[in-house]
Amino acid sequence: MSATTAPLPAAAVAAIHGLEARLAGLRRGESTVVNGTVCTAVSLRDADLLDRYDRVAACCRRKSATAVSAADFDRLLCLQDELAACRREVIEAGLLHLIEVAA
């Protein structure tokens with residue numbers, strides 16, 4: 001048994017179409033602001049890369065704040081190497097402007 005839903009009001013449909021039109025016109029890596037939120041056109045691969053960069057950068061910040069042993073500092077060096085590799089990939093993808101804003 002499937003649930004039925006009411007059709008969207010015409011104003012909601014118009015708003016969705018307007019949003020789709022604004023986002024469809026963006027080039028890769030280009031951003032626009034929609035209702036106060038920055039929206040950036042990226043592929044799923046680019047989004048995964050940017051998410052990976054963010055995760056590794058967060059790990060580096062946490063580890064650098066809590067490192068006390070030689071093993072901690074060794075792990076921090078590995079994280080920094082991974083962060084540098086992520087940054088190179090971001091540069092190669094032409095999306096450096098997306099991580100420099102947050103850095």
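The values are calculated or read from the model by the stated rules, or taken from the named source; none is laboratory data. Please read these numbers as outputs of a predicted model, since none were measured by experiment. Note: ideal-geometry Cβ built from the backbone for every residue, glycine included; neighbour counts use all protein chains shown.
Structural remarks
- Residue in region 76-96 that is in a helix (DSSP H, G or I), in contact (Cβ under 8 Å) with a residue 40 or more places away in the chain and not charged (D, E, K, R) present: yes
- For region 39-68, the set of residues classified as within 11 Å of the chain's Cα centre (by Cα) and surrounded by fewer than 16 Cβ atoms within 10 Å (Cβ to Cβ) consists of 39, 41, 43, 44, 45, 47, 48, 51, 54, 55, listed by residue number.
- Members of region 46-95 that are more than 16 Å from residue 29 (Cα to Cα) and small (Gly, Ala, Ser): 57, 58, 64, 65, 67, 69, 70, 71, 84, 85
- Scan of region 56-103 for residues that are touching a helix residue (DSSP H, G or I) at 6+ places or on another chain (Cβ under 9 Å) and not hydrophobic (A, V, I, L, M, F, W, C), ordered by number: 63, 64, 66, 72, 75, 80, 82, 87, 89
- Any chance residue 22 is at pLDDT 90 or above, assigned to a helix (DSSP H, G or I) and charged (D, E, K, R): no
- For region 27-48, a residue qualifies if it is of a type outside the set (D, E, K, R) and either under 13 Å from residue 98 (Cβ atoms) or touching a residue at least 60 places away in the same chain (Cβ under 8 Å) (or both), and the qualifying residues are 29, 31, 38, 39, 40, 41, 42, 43, 47.
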